[in-house]
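For reference, the structure is listed below as structure tokens.
The values are calculated or read from the model by the stated rules, or taken from the named source; none is laboratory data. Since this is a predicted model, take the numbers as computed values, not measurements. Cβ: placed from backbone, ideal geometry, glycine included. Neighbour counts: every protein chain shown. Side chains included, ligands, DNA and RNA excluded: accessible areas come from the protein's heavy atoms. Shrake-Rupley method; radii C 1.70, N 1.55, O 1.52, S 1.80 Å.
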Amino acid sequence: MVSAVFHSPLEAAAESKAAAPVKPPKPAAALAAPPAAVPVPPASAGAAIDWGGLSLKVFAPLGGIALLVGVWALLTMKSTSFPTPAATFAEMLKVFSDPFYSKGPNDQGIGWNILFSLQRVAVGFGMAAAVGIPMGFMIGRFDVLNRMVSPLISLLRPVSPLAWLPIGLLVFKAANPAAIWTIFICSIWPMIINTAVGVQRVPDDYMNVAKVLNLSEWKIITRILFPAVLPYMLTGVRLSVGTAWLVIVAAEMLTGGVGIGFWVWDEWNNLNVTHILIAIFVIGIVGLLLEWMLISVAKRFSYDNA
């Protein structure tokens, strides 16, 4: 009789280990050897240049300026009264070589004229912002006030800046306050209108939450309206500062004194067309810098860039 012997799995595993040959231990150097390094592709010398975007941002504006200068040079090639681009640039170097000279109240460098104009713009524009922005909040917040003031704004906003200047001269009896008054009355409308539109476009859900929480009017303005209206308000400020810079040039032409507008008119009386062209470029550059500054501020407080 043949007897069958059954082993448990644990016993079978122990027997197989005992039967297997013993492998010699690996040397220590082999155990400590680092894993094979994965080949890394060499780093590129520089990021790929987006020539399309670069051409749109840099080459296209430079091409526009070159086109303007080229047309100007062609038109003045045989002219004896209108200066060429080369003559204007040479005279510009002379003008800006000493921009802050002073030889009397009516003979000062272009630097002083720009600073005096910017000072008038800052005062008139600051007064317009101090009055126009709160008024815009009230007009947008209260429908009765909106219906009262809207016809007056529609009536007074299209009035030419030069029409307000005689009123300022009559009231203030001086040229400098009259110019500031003209800046104030002409630059206040964009801030009022944009701020009021921003308040009116605040979602109703925000105001319903304010009613549920029983917030005071001050907290509604500071916690709900002001953050929501800020992009609209900054747009109005940007439009207003451009209007103020346009107005001051026209106002200074009529009031005299020191300022970039007066400098243009004085050079016209001296028949110095080259200086007039220089003043035109200076007015444009200063206005462009003011515009860029306020655009950067608006982007800083925009929700899209938050």
Original post:
If only one of 202, 241, 237 is of a type in the set (A, V, I, L, M), outside any helix (DSSP H, G or I) and within 28 Å of residue 295 (Cα to Cα), which one is it?
Top reply: 202
**OP:** Give the range 66-81 a look and list any residue that's open to solvent by less than 100 Å² (accessible area, probe 1.4 Å) and in a loop (DSSP other than H, G, I, E, B), or say none.
**Re:** 76, 79, 81
Original post:
Can you name the residue in the range 143-173 that is outside any helix (DSSP H, G or I) and surrounded by fewer than 13 Cβ atoms within 10 Å (Cβ to Cβ) and, of all such residues, is modelled with the lowest pLDDT?
Top reply: 160
Original post:
If residue 285 satisfies every condition in (1) farther than 25 Å from residue 131 by Cα; (2) in contact with a helix residue (DSSP H, G or I) (Cβ under 7 Å, 6 or more places away or on another chain); (3) assigned to a helix (DSSP H, G or I) but one, which is the exception?
Top reply: (2)
Original post:
Got a sec? Which of 212, 197 is open to solvent by less than 50 Å² (accessible area, probe 1.4 Å) and either under 30 Å from residue 88 (Cα atoms) or of a type outside the set (Phe, Trp, Tyr) (or both)?
Top reply: 197
Subject >> So residue 180, is it touching a residue at least 24 places away in the same chain (Cβ under 8 Å) and in a helix (DSSP H, G or I) >> reply: yes
**OP:** Of the conditions (1) of a type outside the set (A, V, I, L, M, F, W, C); (2) out of contact with any strand residue (DSSP E or B) (no Cβ under 7 Å at 6 or more places or on another chain); (3) free of Cβ contacts under 8 Å to residues at least 60 places away in the same chain; (4) closer than 30 Å to residue 183 by Cβ, residue 84 clears all except one; give me its number.
**Re:** (4)
Subject >> residue 89 being within 28 Å of the chain's Cα centre (by Cα), closer than 30 Å to residue 241 by Cβ and in a helix (DSSP H, G or I) >> reply: no
Original post:
Could you say which residue among 225, 234 is farther than 22 Å from residue 185 by Cα, in contact with a helix residue (DSSP H, G or I) (Cβ under 7 Å, 6 or more places away or on another chain) and among the aliphatic types (A, V, I, L, M)?
Top reply: 225
**OP:** For the range 245-253, indicate whether the set of residues that are within 19 Å of residue 121 (Cβ to Cβ) and touching a strand residue (DSSP E or B) at 6+ places or on another chain (Cβ under 8 Å) is non-empty.
**Re:** no
**OP:** Output the residues belonging to the range 109-121 that are open to solvent by 60 Å² or more (accessible area, probe 1.4 Å) and without any contact (Cβ under 8 Å) to a residue 40 or more places away in the chain.
**Re:** 115, 119
**OP:** Could you look through the range 174-194, keep only residues that are of a type in the set (Gly, Ala, Ser) and open to solvent by less than 20 Å² (accessible area, probe 1.4 Å), and pick out the one that is nearest to the chain's Cα centre (by Cα)?
**Re:** 187
Original post:
Is at least one residue of the range 123-139 farther than 30 Å from residue 225 by Cα and assigned to a helix (DSSP H, G or I)?
Top reply: no
**OP:** Might you let me know whether the range 215-224 holds any residue that is in a helix (DSSP H, G or I), touching a residue at least 60 places away in the same chain (Cβ under 8 Å) and of a type in the set (Ser, Thr, Tyr)?
**Re:** no
